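Here is the structure we will look at, set down as structure tokens.
The values are calculated or read from the model by the stated rules, or taken from the named source; none is laboratory data. What you see is a predicted model; the values in this text were computed from it and never measured. Note that we place each Cβ from the backbone using ideal geometry, even for glycine, and neighbour counts take in every protein chain shown.
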Amino acid sequence: MTALTVPPRPKGRWMPWTAAAVIVAVTVVMCLPGFGVGLDIAAIARNWQQGAVRIVELLAPDWSFFPRTVGPLLETLQMAVIGTAVGAAISLPLSFWAARPTNPVGWTRAVLRGILNVVRAVPELVYAAVLVAIVGVGALPGIIALVLFNVGIVVKLVSETIDSSDVGPLEAGRAAGGTQSKINRSIALPDAWPAFVSQTLYVFELNVRASTVLGLVGAGGIGLLIDAVRTFYRYDQLSLIIVEILVIVVVLDTVSDAIRRRLV
Amino acid sequence: MTNASATRGVEAHASAPWGIRLDGVSVRYPNGTVGLRDVSVDIAPGDLVAVVGLSGSGKSTLIRTINGLVPATSGTVEVGGRRVDGASGRRLRETRGQIGMVFQGFNLAGRTSVLNNVLVGRLAHTPLWRTLLGAYRREDRELAFEALDRVGMLPKVWERASALSGGQQQRVAIARALTQQPRIVLADEPVASLDPPTARGVMNDLRRINEDLGITVLVNLHLLDLAREYGTRMIGMRAGEIVYDGPAASATDADFAEIYGRSVTAADRLDR
């Protein structure tokens, strides 16, 4: 029996441990008062009785409040649907514009991607707050905020899918004498379609969640009602709203999952 | 009536094959690689030319220079009397519309139907709004059905391209080229990804479109028996230059050794 010559093990096994130690150290430092956020865990112990009362209230939803929640809930759903549809319609052509295989003109790609980075950097609640000041209170600023938020996400994700796709079929379109727009429509679109639908469903779910809080800044939907009941400490009514949102989110998740499965 | 016969006249003219003329063509890629070195060649309308050579010999560059997918760095490229070098935009697209191309990797859009893939061959002749709506003309659909029928793929017309086997996909790709009603068909290693019997079937399709429709066919191959069997003329390439040009049938193993720069082995044949 001859001993096997195993090549020496490469160095660098300590790396994950060091990384974990660094992360723990940084987190601890950030919790220290004075230097970091000054986390006071004792506050939980001091206030637990108050918290217990709230939790008990939350556990007993006020079902009689239901009729008043229907209108705002529907508005929330409508905002999410309209925001998703308009956002999708804008995102589709822009996705082709932002991807290298479907837009060979480099500087237009760079400009669009730059704008989208800025659009994505702003949270939708901040958009809504600013838009309420511009176009007034109601569903409209909420919808515009959702559209901006959706375009930022969908264009980024779909254009990245197009970037990583096989360019051979597009070359065949070029060889057949097609313009870039025709090639994008007849060859790139069918291949990018599942990614586009899947991302649109994903932002629709995000929109339903987001449009529940947009009302906090006056941009329509159930958020306005949440703000009102919270101000009056009606945790039993808040609880009902939370249950309703939970049901809607679970139903939408199931439906969009089913659609996605059929797609791929 | 006069209108109809005038249209028919144009169609008859449209099926006339084109010749290809390269004069002192060199191609240097942006990374410095030389694809072609001062290549001059004249291909007659209706020829079936086999271009042979090892990978990197420049045969793929040669074929792509003809439809302008690869721009010539110097020299002139002419198809059917039209200049390809220096052409761009609408003029280049119109010329490309007359030249069908078949690729080694088939290059079909996998997630859409065979019909939609074949209709890509009508892009140069279809207005943008029709393309965007997917509303192709009835005549264009008819052309697509006829082309699919010619390669025996009509039964698969509604299937997804990705659901087909390699040989079937290459046939669909040939149908896509035929739907252009091309005057030239360029085939870049069309059988390199296929098994021997399937490869022969695809080569037979290419030969039939050359013989039955009279279309000029230029096909890149690296297997010498296929080149000998199917080509009427053979062009051998090495290091970006044409090192052999003559009738394909009478090309000897010594000629191939000259083209490949080494002696011929069993691996150079389809049927070992």
Next item on the list: Within the range B:192-209, track down each residue that is crowded, with 21+ Cβ neighbours inside 10 Å and either over 15 Å from B:ALA177 (Cα atoms) or touching an Asp or Glu at 6+ places or on another chain (Cβ under 8 Å) (or both).
Entry: B:LEU194, B:ALA199, B:MET203
Check: Before we move on, is A:ILE162 closer than 30 Å to B:VAL102 by Cβ, crowded, with 17+ Cβ neighbours inside 10 Å, among the aliphatic types (A, V, I, L, M) and more than 12 Å from chain B (Cβ to nearest Cβ)?
Finding: yes
Note to self: Criterion first (more than 9 Å from every other protein chain (Cβ to nearest Cβ) and crowded, with 17+ Cβ neighbours inside 10 Å) does B:ALA135 satisfy it?
What the structure shows: no
Check: Can you spot a residue in the range A:142-157 that is buried (at least 24 other Cβ atoms within 10 Å of the Cβ) and over 23 Å from A:ALA128 (Cα atoms)?
Finding: no
Item checked: Filter pass, B:ALA50 being away from chain A (no Cβ under 14 Å), under 22 Å from B:ARG183 (Cα atoms) and surrounded by fewer than 22 Cβ atoms within 10 Å (Cβ to Cβ) -> no
Check: What residue, of B:ARG28, B:ARG91, B:ARG64, is surrounded by fewer than 17 Cβ atoms within 10 Å (Cβ to Cβ), in the same structural domain as B:LEU206 (by TED's automatic domain parsing) and either of a type in the set (D, E, K, R) or within 30 Å of B:SER165 (Cα to Cα) (or both)?
Finding: B:ARG91
Check: In the range A:224-241, what residues are within 24 Å of A:VAL132 (Cβ to Cβ), aliphatic (A, V, I, L, M) and touching a helix residue (DSSP H, G or I) at 6+ places or on another chain (Cβ under 8 Å)?
Finding: A:LEU224, A:LEU225, A:ILE226, A:VAL229, A:LEU238, A:ILE241
Notebook entry, point to check: Residue check, A:GLY38 against (1) assigned to a helix (DSSP H, G or I); (2) modelled with pLDDT under 85, all met but one. Which one?
Noted result: (1)
Check: Which condition number in (1) more than 13 Å from chain A (Cβ to nearest Cβ); (2) part of a strand (DSSP E or B) is the one that B:TRP158 fails?
Finding: (2)
Margin query: I need the full set of residues from the range B:69-95 which are farther than 21 Å from B:ALA16 by Cβ and within 14 Å of another protein chain (Cβ to nearest Cβ), in order please.
Written below: B:LEU69, B:VAL70, B:PRO71, B:SER88, B:GLY89, B:ARG90
Next item on the list: Return yes when B:ALA227 is over 22 Å from B:VAL79 (Cα atoms) and surrounded by fewer than 21 Cβ atoms within 10 Å (Cβ to Cβ) and no when it is not.
Entry: no
Next item on the list: Give the residue that is modelled with the lowest pLDDT, with candidates limited to residues of the range B:208-262 that are over 16 Å from B:ALA187 (Cα atoms), touching a strand residue (DSSP E or B) at 6+ places or on another chain (Cβ under 6 Å) and part of a helix (DSSP H, G or I).
Entry: B:ASP255
Notebook entry, point to check: What are the pairs, 6+ residues apart or on separate chains, where a residue within the range B:102-123 that is facing chain A (nearest Cβ under 8 Å) has its Cβ under 6 Å from a residue that is surrounded by fewer than 24 Cβ atoms within 10 Å (Cβ to Cβ) and small (Gly, Ala, Ser)?
Noted result: B:GLY105/A:GLY168; B:ASN107/A:GLY168; B:GLY110/B:SER162
